[in-house]
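The values are calculated or read from the model by the stated rules, or taken from the named source; none is laboratory data. Keep in mind that this is a model prediction, so the values were computed, not measured. Backbone-built Cβ (ideal geometry, glycine too); neighbour counts: all protein chains shown. The protein model used for the area step is the full one, side chains on, heavy atoms only, and it has no ligands, DNA or RNA in it. Shrake-Rupley method; radii C 1.70, N 1.55, O 1.52, S 1.80 Å.
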Amino acid sequence: MEDTHNYVQVLIDTLQKQADVLKDVLEVTRQQSVIAGKADFDEDLLEESLNKKEVLIGKLNRLDDGFTSVYGRIHREVKDKQDLYRNELQKMQSLIKECTDLGVEIKVLEERNRERLVQCFSKKHKQYGSQKVAASVASHYHQTMNNTKTPDSYFLDQKN
């Protein structure tokens, strides 16, 4: 039973860590929103924030795997003795609600960011397209000029 109390505390600690990581993910997502909202969209900043988010999501997945593993060991005993673990279960429910709320907020912000980023990438694609056309025209011009045969100079020696 003492082990179960320890495992329940591990679950609570894991949920708290998950909430903290989700808060960090939310902050990075907000930063991405600012990046996507700027007129001079910076791809390097976006990539840096995506890398941060990838690390955080990896951490979140490891925490979730650990939670699932520990919960699998003790869920029957906790379920059978709910009165004994009432306070801990309420704390876990509160943390799960917090994590869920953070997840929903992140999802909504991600959807807005996705729409903004699609617009930003569309603009960039048009810019790159026009740059590509300009480069193609310049290349074609140089090719044409290089292939143009210039008449050889003819020197006529008119010695009579």
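Between GLN16 and ALA39, what's the calculated FRET efficiency when r is the beta-carbon distance and R0 is 41 Å? Round to 0.05.
Approximately 0.55, to the nearest 0.05.
What number comes out for the charge environment of ARG86, summing +1 per Lys or Arg and -1 per Asp or Glu over other residues with Cβ under 15 Å away?
Net charge around ARG86: -1.
Provide the FRET efficiency to the nearest 0.05 for the SER69-ASP101 pair, computing r from the beta carbons and using R0 = 22 Å.
For R0 = 22 Å, the calculated efficiency reads 0.35.
Mind scanning LYS59/LYS123; LYS59/LYS91; LYS53/LYS97 and naming the pairs with a C-alpha gap bigger than 24 Å? Show your work: numbers first, answer last.
Values: LYS59/LYS123 34 Å; LYS59/LYS91 22 Å; LYS53/LYS97 22 Å.
In this structure, LYS59/LYS123 exceed 24 Å between Cα atoms.
If eta is 1.306 mPa s and T is 10 °C, what Stokes-Einstein diffusion coefficient results for the stretch 37-128, Kirkwood Rh from Cα pairs, in µm²/s?
95
What ranking of THR68, THR29 comes out by heavy-atom accessible area, probe 1.4 Å, highest first?
Ranking THR68, THR29 by accessible area, largest first, yields THR68, THR29.
Find the accessible area per residue for the stretch 19-119; the probe is 1.4 Å, ligands and nucleic acids are left out, and the unit is Å². Don't skip to the end; give the middle numbers.
Details: 6830 Å² over 101 residues.
Value returned for the stretch 19-119: 68 Å² of accessible area per residue.
Compute the FRET efficiency between GLN93 and THR4 as 1/(1 + (r/R0)^6), taking r as their Cβ-Cβ distance and R0 = 30 Å, and round to the nearest 0.05. Show your work: numbers first, answer last.
On the way: r = 18 Å, r/R0 = 0.59.
Using R0 = 30 Å, I get an efficiency of 0.95.
Within the stretch 8-30, what residues put their amide N at less than 19 Å from the label point 7 Å along the Cα-to-Cβ vector of VAL55?
17-30
Ignoring any ligand, DNA or RNA, what whole percent of the accessible area of the stretch 44-90 comes from carbon and sulfur when the probe is 1.4 angstrom?
48
Please compute the length gained on full extension between ARG76 and GLU115, using 0.36 nm multiplied by the number of residues separating them and subtracting their Cα-Cα distance.
My answer for the length gained is 9.6 nm.
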